[in-house]
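Everything on this sheet refers to the single structure shown next.
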(Lines give C-alpha, C1' and ligand atoms only; values in the text may rest on other atoms or scores of the structure.)
Protein backbone atom coordinates (compact mmCIF):
# COMPACT_ATOMS: atom_id res chain seq x y z
CA UNK A 1 0.00 0.00 0.00
CA UNK A 2 1.62 3.34 -0.97
CA UNK A 3 2.35 5.77 1.84
CA UNK A 4 0.34 8.50 0.17
CA UNK A 5 -2.77 6.53 1.15
CA UNK A 6 -2.08 7.46 4.78
CA UNK A 7 -2.05 11.15 3.83
CA UNK A 8 -5.35 10.74 1.99
CA UNK A 9 -6.89 8.97 4.99
CA UNK A 10 -5.61 11.58 7.45
CA UNK A 11 -6.83 14.34 5.12
CA UNK A 12 -10.36 12.94 5.23
CA UNK A 13 -10.30 12.97 9.03
CA UNK A 14 -8.93 16.53 9.06
CA UNK A 15 -11.69 17.73 6.73
CA UNK A 16 -14.30 16.05 8.93
CA UNK A 17 -12.93 17.83 12.01
CA UNK A 18 -12.90 21.17 10.18
CA UNK A 19 -16.49 20.57 9.10
CA UNK A 20 -17.55 19.99 12.71
CA UNK A 21 -15.73 23.14 13.86
CA UNK A 22 -17.64 25.25 11.36
CA UNK A 23 -20.95 24.39 12.97
CA UNK A 24 -20.50 24.51 16.78
CA UNK A 25 -23.96 26.00 17.56
CA UNK A 26 -25.93 23.15 15.92
CA UNK A 27 -23.62 20.63 17.55
CA UNK A 28 -24.13 22.21 20.97
CA UNK A 29 -27.90 22.32 20.43
CA UNK A 30 -27.79 18.65 19.50
CA UNK A 31 -26.00 17.70 22.71
CA UNK A 32 -27.95 20.01 25.03
CA UNK A 33 -30.33 18.02 27.18
CA UNK A 34 -29.09 14.62 26.04
CA UNK A 35 -28.76 11.84 28.58
CA UNK A 36 -25.31 10.59 29.68
CA UNK A 37 -25.62 7.57 27.34
CA UNK A 38 -25.51 9.88 24.32
CA UNK A 39 -22.50 11.76 25.63
CA UNK A 40 -20.77 8.45 26.36
CA UNK A 41 -21.53 7.32 22.80
CA UNK A 42 -19.95 10.49 21.43
CA UNK A 43 -16.85 9.91 23.55
CA UNK A 44 -16.58 6.26 22.46
CA UNK A 45 -17.02 7.31 18.84
CA UNK A 46 -14.14 9.76 19.15
CA UNK A 47 -11.90 7.22 20.90
CA UNK A 48 -12.69 4.48 18.39
CA UNK A 49 -12.04 6.77 15.44
CA UNK A 50 -8.74 7.99 16.90
CA UNK A 51 -7.52 4.46 17.69
CA UNK A 52 -8.50 3.12 14.26
CA UNK A 53 -6.72 5.97 12.45
CA UNK A 54 -3.66 5.56 14.68
CA UNK A 55 -3.41 1.82 14.04
CA UNK A 56 -4.03 2.27 10.32
CA UNK A 57 -1.15 4.73 10.13
CA UNK A 58 1.18 2.39 12.01
CA UNK A 59 0.21 -0.53 9.76
CA UNK A 60 0.80 1.43 6.56
CA UNK A 61 4.25 2.42 7.80
CA UNK A 62 5.08 -1.14 8.87
CA UNK A 63 5.55 -0.22 12.53
CA UNK A 64 3.30 -2.98 13.89
CA UNK A 65 5.03 -5.94 12.24
CA UNK A 66 7.40 -6.72 15.13
CA UNK A 67 4.53 -6.74 17.62
CA UNK A 68 2.33 -8.79 15.28
CA UNK A 69 5.06 -11.35 14.62
CA UNK A 70 5.97 -11.73 18.29
CA UNK A 71 2.39 -12.39 19.38
CA UNK A 72 1.57 -14.79 16.54
CA UNK A 73 4.68 -16.87 17.23
CA UNK A 74 4.08 -16.79 20.98
CA UNK A 75 0.65 -18.41 20.55
CA UNK A 76 2.05 -21.39 18.63
CA UNK A 77 3.81 -24.51 19.86
CA UNK A 78 7.58 -24.19 20.05
CA UNK A 79 8.05 -27.54 18.29
CA UNK A 80 5.21 -27.29 15.75
CA UNK A 81 4.22 -23.84 14.38
CA UNK A 82 1.09 -25.43 12.92
CA UNK A 83 -0.29 -26.22 16.38
CA UNK A 84 -1.52 -23.92 19.14
CA UNK A 85 0.03 -23.91 22.58
CA UNK A 86 -2.21 -25.90 24.89
CA UNK A 87 -4.38 -29.01 24.63
CA UNK A 88 -5.12 -30.59 21.27
CA UNK A 89 -8.83 -29.74 21.39
CA UNK A 90 -8.13 -26.00 21.66
CA UNK A 91 -8.02 -25.51 17.89
CA UNK A 92 -11.53 -26.93 17.48
CA UNK A 93 -12.87 -24.66 20.24
CA UNK A 94 -11.25 -21.64 18.60
CA UNK A 95 -12.84 -22.50 15.24
CA UNK A 96 -16.24 -22.74 16.92
CA UNK A 97 -15.69 -19.40 18.63
CA UNK A 98 -14.69 -17.65 15.41
CA UNK A 99 -17.96 -18.76 13.81
CA UNK A 100 -19.77 -16.33 16.13
CA UNK A 101 -18.34 -13.55 13.97
CA UNK A 102 -19.10 -15.12 10.60
CA UNK A 103 -21.37 -13.41 8.10
CA UNK A 104 -23.93 -16.22 8.43
CA UNK A 105 -24.20 -16.13 12.24
CA UNK A 106 -24.22 -12.32 12.42
CA UNK A 107 -26.86 -12.12 9.69
CA UNK A 108 -29.06 -14.66 11.47
CA UNK A 109 -28.69 -12.86 14.82
CA UNK A 110 -29.33 -9.39 13.44
CA UNK A 111 -32.04 -10.56 11.03
CA UNK A 112 -33.95 -12.35 13.78
CA UNK A 113 -33.83 -9.23 15.94
CA UNK A 114 -34.97 -7.03 13.04
CA UNK A 115 -37.95 -9.28 12.28
CA UNK A 116 -38.90 -9.42 15.97
CA UNK A 117 -38.78 -5.64 16.29
CA UNK A 118 -40.81 -5.22 13.11
CA UNK A 119 -43.50 -7.62 14.35
CA UNK A 120 -43.55 -5.70 17.64
CA UNK A 121 -44.30 -2.56 15.60
CA UNK A 122 -41.00 -1.01 16.64
CA UNK A 123 -40.23 -0.36 13.02
CA UNK A 124 -37.94 2.62 13.48
CA UNK A 125 -35.73 0.55 15.79
CA UNK A 126 -35.80 -2.34 13.32
CA UNK A 127 -34.71 -0.03 10.51
CA UNK A 128 -31.95 1.39 12.73
CA UNK A 129 -30.58 -2.09 13.47
CA UNK A 130 -30.76 -3.22 9.85
CA UNK A 131 -29.10 -0.02 8.64
CA UNK A 132 -26.30 -0.33 11.21
CA UNK A 133 -25.49 -3.89 10.18
CA UNK A 134 -25.75 -3.45 6.41
CA UNK A 135 -23.74 -0.24 6.32
CA UNK A 136 -21.19 -1.80 8.68
CA UNK A 137 -20.70 -4.73 6.31
CA UNK A 138 -20.27 -2.35 3.38
CA UNK A 139 -17.78 -0.26 5.37
CA UNK A 140 -15.81 -3.36 6.34
CA UNK A 141 -15.58 -4.49 2.73
CA UNK A 142 -14.55 -1.00 1.60
CA UNK A 143 -11.82 -0.75 4.24
CA UNK A 144 -10.42 -4.15 3.28
CA UNK A 145 -10.37 -3.11 -0.37
CA UNK A 146 -8.72 0.21 0.46
CA UNK A 147 -5.89 -1.12 2.64
CA UNK A 148 -5.52 -4.44 0.77
CA UNK A 149 -3.17 -5.90 3.38
CA UNK A 150 -2.10 -9.48 2.66
CA UNK A 151 -2.91 -12.18 5.19
CA UNK A 152 -0.13 -13.11 7.63
CA UNK A 153 2.25 -15.86 6.57
CA UNK A 154 4.21 -15.97 9.83
CA UNK A 155 2.43 -19.11 11.04
CA UNK A 156 0.27 -21.68 9.22
CA UNK A 157 -3.43 -20.80 8.99
CA UNK A 158 -5.82 -23.00 10.95
CA UNK A 159 -8.82 -21.82 8.90
CA UNK A 160 -9.50 -21.02 5.26
CA UNK A 161 -9.61 -17.32 4.31
CA UNK A 162 -9.86 -15.43 1.03
CA UNK A 163 -10.24 -11.68 1.61
CA UNK A 164 -7.70 -9.04 2.64
CA UNK A 165 -6.45 -8.88 6.21
CA UNK A 166 -6.92 -5.30 7.45
CA UNK A 167 -9.10 -4.65 9.33
CA UNK A 168 -10.51 -7.90 10.67
CA UNK A 169 -14.06 -8.18 9.34
CA UNK A 170 -14.98 -10.69 12.04
CA UNK A 171 -13.78 -8.34 14.80
CA UNK A 172 -15.37 -5.25 13.27
CA UNK A 173 -18.76 -6.76 12.51
CA UNK A 174 -18.92 -8.55 15.87
CA UNK A 175 -18.46 -5.17 17.54
CA UNK A 176 -21.14 -3.60 15.33
CA UNK A 177 -23.73 -6.35 15.76
CA UNK A 178 -23.24 -7.47 19.35
CA UNK A 179 -22.68 -3.99 20.79
CA UNK A 180 -25.74 -2.67 18.94
CA UNK A 181 -27.90 -5.58 20.09
CA UNK A 182 -26.55 -5.08 23.60
CA UNK A 183 -27.45 -1.39 23.61
CA UNK A 184 -30.99 -2.23 22.47
CA UNK A 185 -31.41 -4.81 25.24
CA UNK A 186 -29.97 -2.44 27.84
CA UNK A 187 -32.57 0.16 26.88
CA UNK A 188 -35.46 -2.12 27.89
CA UNK A 189 -34.18 -3.35 31.27
CA UNK A 190 -34.25 -1.27 34.43
CA UNK A 191 -31.93 -3.11 36.83
CA UNK A 192 -28.35 -1.92 36.81
CA UNK A 193 -26.92 -5.41 37.27
CA UNK A 194 -28.82 -6.65 34.20
CA UNK A 195 -27.47 -3.76 32.16
CA UNK A 196 -23.94 -4.59 33.28
CA UNK A 197 -24.47 -8.27 32.45
CA UNK A 198 -25.71 -7.45 28.94
CA UNK A 199 -22.81 -5.07 28.36
CA UNK A 200 -20.28 -7.62 29.63
CA UNK A 201 -21.79 -10.35 27.43
CA UNK A 202 -21.68 -8.16 24.30
CA UNK A 203 -18.09 -7.13 24.95
CA UNK A 204 -17.10 -10.69 25.87
CA UNK A 205 -18.40 -12.22 22.63
CA UNK A 206 -16.78 -9.44 20.60
CA UNK A 207 -13.42 -10.00 22.30
CA UNK A 208 -13.72 -13.78 21.94
CA UNK A 209 -14.25 -13.54 18.19
CA UNK A 210 -11.32 -11.18 17.70
CA UNK A 211 -8.92 -13.28 19.78
CA UNK A 212 -9.94 -16.40 17.86
CA UNK A 213 -8.85 -14.79 14.58
CA UNK A 214 -5.34 -14.26 15.93
CA UNK A 215 -5.19 -17.77 17.40
CA UNK A 216 -6.13 -19.19 14.00
CA UNK A 217 -3.27 -17.24 12.44
CA UNK A 218 -5.50 -15.64 9.81
CA UNK A 219 -5.13 -12.09 11.16
CA UNK A 220 -2.38 -9.96 12.60
CA UNK A 221 -3.18 -8.68 16.11
CA UNK A 222 -3.21 -5.15 14.67
CA UNK A 223 -5.96 -6.23 12.25
CA UNK A 224 -8.15 -7.27 15.17
CA UNK A 225 -7.41 -4.17 17.27
CA UNK A 226 -8.33 -1.96 14.32
CA UNK A 227 -11.45 -4.04 13.65
CA UNK A 228 -12.64 -3.54 17.22
CA UNK A 229 -11.94 0.20 17.01
CA UNK A 230 -13.67 0.60 13.65
CA UNK A 231 -16.62 -1.48 14.84
CA UNK A 232 -16.99 0.45 18.08
CA UNK A 233 -16.94 3.81 16.32
CA UNK A 234 -19.39 2.59 13.68
CA UNK A 235 -21.83 1.19 16.25
CA UNK A 236 -21.73 4.40 18.29
CA UNK A 237 -22.09 6.59 15.19
CA UNK A 238 -25.20 4.66 14.16
CA UNK A 239 -26.58 4.86 17.71
CA UNK A 240 -26.03 8.62 17.79
CA UNK A 241 -27.66 9.03 14.39
CA UNK A 242 -30.72 7.11 15.54
CA UNK A 243 -30.88 9.03 18.85
CA UNK A 244 -30.63 12.33 16.99
CA UNK A 245 -33.44 11.28 14.63
CA UNK A 246 -35.68 10.21 17.50
CA UNK A 247 -34.95 13.38 19.45
CA UNK A 248 -35.83 15.55 16.46
CA UNK A 249 -39.03 13.58 15.93
CA UNK A 250 -39.92 14.02 19.60
CA UNK A 251 -39.28 17.76 19.49
CA UNK A 252 -41.36 18.09 16.33
CA UNK A 253 -44.24 16.21 17.94
CA UNK A 254 -44.08 18.35 21.06
CA UNK A 255 -44.02 21.56 19.01
CA UNK A 256 -46.94 20.57 16.77
CA UNK A 257 -50.20 22.40 17.66
CA UNK A 258 -53.00 20.26 19.03
CA UNK A 259 -55.73 19.46 16.52
CA UNK A 260 -59.03 21.25 17.08
CA UNK A 261 -61.97 18.85 17.28
CA UNK A 262 -64.49 19.13 14.47
CA UNK A 263 -67.30 21.46 15.52
CA UNK A 264 -65.19 23.47 17.96
CA UNK A 265 -63.48 22.83 21.27
CA UNK A 266 -65.30 21.12 24.13
CA UNK A 267 -65.07 22.57 27.64
CA UNK A 268 -64.81 20.31 30.72
CA UNK A 269 -68.59 20.38 31.15
CA UNK A 270 -69.09 18.94 27.69
CA UNK A 271 -70.51 22.12 26.11
CA UNK A 272 -69.16 23.44 22.81
CA UNK A 273 -67.10 26.61 23.31
*Lone unmet requirement of (1) without any contact (Cβ under 8 Å) to a residue 24 or more places away in the chain; (2) surrounded by 15 or more Cβ atoms within 10 Å (Cβ to Cβ); (3) over 19 Å from the mean Cα position of the chain (by Cα) for residue 160*: (2)
_Restricting to segment 221-258, count the residues that are over 24 Å from residue 125 (Cβ atoms) and at pLDDT below 95._
2
*What is the residue count in segment 69-87 for residues that are in contact (Cβ under 8 Å) with a residue 40 or more places away in the chain and assigned to a helix (DSSP H, G or I)?*
4
*Meets criteria (in contact with a strand residue (DSSP E or B) (Cβ under 9 Å, 6 or more places away or on another chain) and within 19 Å of residue 73 (Cα to Cα)) for residue 225*: no
_Any residue that is out of contact with any strand residue (DSSP E or B) (no Cβ under 6 Å at 6 or more places or on another chain), modelled with pLDDT of 90 or more and farther than 27 Å from residue 113 by Cβ - is there at least one of those in segment 169-181?_
no
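The values are calculated or read from the model by the stated rules, or taken from the named source; none is laboratory data. These numbers were taken from a predicted model, which means no experiment stands behind them. Neighbour counts run over all protein chains shown; Cβ positions are idealised from the backbone, glycine included.
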